[in-house]
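As structure tokens, the structure follows; a few thoughts come after it.
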Amino acid sequence: MFTELNSILNTSPDSFTQGDFILVSGRQSDASFLIHHFLSFYLRARCKVCFLGLVQSFSHYSAVCQRLGVSLAQAKEKRQLVFLEGLQEGLSVFIPQDDTTGNKALSFLRDPMVGLQNLYEFVRSSVSSPGGGEEGSDGSEQWGPPVLLVDDLSVLLSLGVSARAVLDFSHYCRASLCSQLQGNVVMLLHCEEEEEEDDGDDEGSERLLKGLIHQCCLALHVQGLPTGYCRDIHGQVEVCWRRRQGDGQHTQNKVFQYKVHDKGASFFARGTSSAVL
Amino acid sequence: MAAPVNSVVNSSAKCSSFNATSFQKKTRSRLISIPGTRPSVQNGQLLVSTGVTSLDYLLGGGLAVGTVLLIEEDRYDSYSRMILKYFLAEGVVCRHELFVASAQHTPDDILQELPSPILDDVAIHKPVEQPRLSHEPQDSLDAMKIAWRYQNLPKVQTALASSSRFGHYYDVSKMMEAEIREAAKCHRFYLPEHPTQSSPTHSPMLESYSALLKSLRDVIQREGFEVTAPMSKSRNILRIGLHSLGSTLWGDDLCCHDNPRHGHALTTFLYGLRALLRSSLSVAVVTVPSHLIQNRALMGRITRLCDNAIALESFKGSEREANPLYKDYHGLLHVRQVPHLNCLASQLPDHKDLAFKLKRKQSHIQCGILWPFHLFIYFDL
């Protein structure tokens, strides 16, 4: 959990808005440090978290969260965290052993045309399982509103899923988690350099990005510095609020620069890096 | 401070009982000491050498076990193939096991071209010496005057001494001797030997890549490289060299079309490869002919699915060869990506403009990476 980012976003584990769909995107920059922030944030806020870790192994996320002060293994034990390890489960889908067909949630690996419905069912069942959000009749701890974190959506595109299917999946998640269950959704998307869209059914990360920006209410866009590579400032984050107020859309943009270090990240206004001042 | 260290030890032990991947925090109780590896100073991960010591430095000390290094080939596949051979040669010297896959050349062709190590602490079996000794006992007596205890022992070691050094130097002008090479266990995958069975699957991965992935998984399981394998036997590292993935010889059309039909074959394979590597004590080097791939977004996706990525650009045959700025170098090296595993921040190199050349040192030719050549601009004025 990055304290400076909390003050920028005006949230804290004790008070945060519910029903938010947050999009974290990075263009040619790695925005995954923000996913670690949100993971530790919502675990500290005692929410029931469903984390789709498709890109790295469980021990990677666990080691990073350890530095941020949260233990993923303990959260998993207490059933606060439902973790889908994409790599390990995916391998058993690619190379089926004996007769087991592998985790049903990752059935899109076998045939990407099918879409992400099974993945959505997995998410739905994990956030509404007993012990999360409802009274725990067997004495298990009660957790707060459900939160879905996805790391990351662009690997789904790399595995052959169409942008349309990913947009459908995010819409379903938003509808069920944000609107019905008053929880939050955080999704990470990585875009490549600008690509021209020649035909309709292309790789589609640009289309996916535009669709998700339209759906979200808070967008954090990470990119490199426009002046080039710098060792002390790793890049800039553009924070865009799109709150839906009663009196119409209210948009606000702010740009910060950031530097990632071992135990967190520091955010500062442009030009106020400690290396400069 | 004692307390935080204890909590780290406890939690990592707990982690290991839930999930076994190759990224374990080094604790006193589970020290894996495998020859040819060393823990990283930054985050304690187990590192192996790529065979080129300056490349090790660029990658943050070495290649982390469980990761993939992507090498974007230069135009004639000369330097990328050389780095692949250095990687395999380092495996032979450190007594790791090798897995070589290729669609173009037979793996044996690649293995026969491994560079010879330049070592003073590795004794190499020299059969030519022994007849000379028997004919001239005087010399042998003179030579052994001080070390009389060892007179009756064979003069040279026949086995390759396991080198405790991390990173070695190689002489590219000489091939590695067959005895040393054959001492290493090597698994081969030559694509024409694996007839493609078209299975009724809609998976985007091509049959060639599936066969390769299955073969890798079989070797890893059979030879006990999985992290979850019992610790009773001594552990070793599997070095995987995959040559020219994505080229048309693998059945892929990435290099032919702007919008390839099998656009997701290689990325799906790389995802499966990452899954295999994360759960085993192995490290992979993959070369891809990126200069043939027109779709830059696709190349970006391929890069992101590998942990380390470098690109080589050789000056051979290009107009840069005549440029006085580059006259001392053989090509440019671009670091596309460095991993940040088990930590938030990645160790980016200080400089991004790098050049490489083959150094002729004494009578050897070695491959090395030189530092920011743009500094030399001042001297060329």
Could you list, ordered by first residue, the pairs with Cβ atoms under 7 Å in which the first is in region B:171-197 and open to solvent by less than 90 Å² (accessible area, probe 1.4 Å) and in a loop (DSSP other than H, G, I, E, B) and the second is at pLDDT below 90 and of a type in the set (Gly, Ala, Ser), at least 6 apart or interchain? B:Met176/B:Ser116; B:Glu177/B:Ser116
Does region B:213-224 contain any residue that is among the hydroxyl-bearing types (Ser, Thr, Tyr) and in contact with a Ser or Thr (Cβ under 8 Å, 6 or more places away or on another chain)? no
With respect to the numbered conditions (1) farther than 28 Å from A:Ser205 by Cα; (2) β-branched (Val, Ile, Thr); (3) surrounded by 20 or more Cβ atoms within 10 Å (Cβ to Cβ), which one is the sole condition not fulfilled by B:Thr228? (3)
Among the candidates B:Asp77, B:Asp142, which residue alone is at pLDDT below 90, out of contact with any Phe, Trp or Tyr (no Cβ under 8 Å at 6 or more places or on another chain), of a type in the set (Asp, Glu) and assigned to a loop (DSSP other than H, G, I, E, B)? B:Asp77
Please state which of the following conditions B:Asp218 fails to meet, knowing it meets all the rest: (1) open to solvent by 10 Å² or more (accessible area, probe 1.4 Å); (2) assigned to a loop (DSSP other than H, G, I, E, B); (3) of a type outside the set (Ser, Thr, Tyr). (2)
For region B:335-359: of the residues being closer than 16 Å to B:Gln45 by Cβ and more than 20 Å from the chain's Cα centre (by Cα), which is modelled with the lowest pLDDT? B:Ser346
Scan region B:334-354 and tell me whether some residue there is surrounded by 20 or more Cβ atoms within 10 Å (Cβ to Cβ) and away from chain A (no Cβ under 14 Å). no
Output for Cβ contacts, cut-off 7 Å, separation at least six or different chains, first residue more than 7 Å from chain B (Cβ to nearest Cβ) and closer than 11 Å to A:Gly204 by Cβ in region A:145-162, second among the hydroxyl-bearing types (Ser, Thr, Tyr) and part of a helix (DSSP H, G or I), reads A:Ser154/A:Ser205; A:Leu157/A:Ser205
Tell me, yes or no, whether region A:54-63 has at least one residue that is in contact (Cβ under 8 Å) with a residue 60 or more places away in the chain, part of a helix (DSSP H, G or I), under 14 Å from B:His340 (Cα atoms) and facing another protein chain (nearest Cβ under 8 Å). no
What pairs come out if I take residues in region A:203-218 that are crowded, with 19+ Cβ neighbours inside 10 Å and pair them with residues that are of a type in the set (Gly, Ala, Ser) and outside any helix (DSSP H, G or I) whose C-beta lies under 7 Å away, six or more apart or interchain? A:Gly204/A:Ser162; A:Leu209/A:Ser25
Inside region B:277-294, can you point out the residues that are facing chain A (nearest Cβ under 8 Å) and open to solvent by 10 Å² or more (accessible area, probe 1.4 Å)? B:Ser279
I'd like the full set of residues that are assigned to a strand (DSSP E or B), more than 13 Å from A:Ala219 (Cα to Cα), more than 14 Å from chain B (Cβ to nearest Cβ) and touching a residue at least 60 places away in the same chain (Cβ under 8 Å), limited to region A:1-51. A:Lys48, A:Val49, A:Cys50
With the requirement that a residue be assigned to a loop (DSSP other than H, G, I, E, B) and within 14 Å of another protein chain (Cβ to nearest Cβ), what does region B:253-274 give you? B:Leu254, B:His257, B:Asp258, B:Asn259, B:Pro260, B:Arg261, B:His262, B:Gly263, B:His264
Filtered residue count, region A:1-35, keeping only those that are within 20 Å of A:Leu156 (Cβ to Cβ) and open to solvent by less than 10 Å² (accessible area, probe 1.4 Å): 9
Members of region B:80-103 found to be assigned to a helix (DSSP H, G or I) and either of a type in the set (Phe, Trp, Tyr) or open to solvent by 20 Å² or more (accessible area, probe 1.4 Å) (or both), listed by number: B:Arg81, B:Met82, B:Lys85, B:Tyr86, B:Phe87
B:Glu313 passes all but one of the listed conditions (1) within 14 Å of chain A (Cβ to nearest Cβ); (2) surrounded by fewer than 24 Cβ atoms within 10 Å (Cβ to Cβ); the exception is number (1)
Positions within region B:275-303 being part of a helix (DSSP H, G or I) and touching a strand residue (DSSP E or B) at 6+ places or on another chain (Cβ under 7 Å), in sequence order: B:Leu277, B:Ser290, B:Ile302, B:Thr303
Residue identified as in contact with a strand residue (DSSP E or B) (Cβ under 9 Å, 6 or more places away or on another chain), within 14 Å of chain B (Cβ to nearest Cβ), modelled with pLDDT of 85 or more and on the phi > 0 side of the Ramachandran plot among A:Gly235, A:Gly224: A:Gly235
Would you be able to say whether some residue in region B:57-75 is open to solvent by 10 Å² or more (accessible area, probe 1.4 Å) and of a type in the set (Ser, Thr, Tyr)? yes
For region A:81-96: of the residues being open to solvent by 10 Å² or more (accessible area, probe 1.4 Å) and not in a helix (DSSP H, G or I), which is farthest from the other protein chains (Cβ to nearest Cβ)? A:Val82
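The values are calculated or read from the model by the stated rules, or taken from the named source; none is laboratory data. Please read all numbers here as calculations on a predicted model, not as lab measurements. With ideal geometry, Cβ positions are generated from the backbone for all residues, glycine too; neighbour counts draw on all protein chains shown. Note: accessible area is taken over every heavy atom of the protein model, side chains too, but ligands, DNA and RNA are not part of it. Shrake-Rupley method; radii C 1.70, N 1.55, O 1.52, S 1.80 Å.
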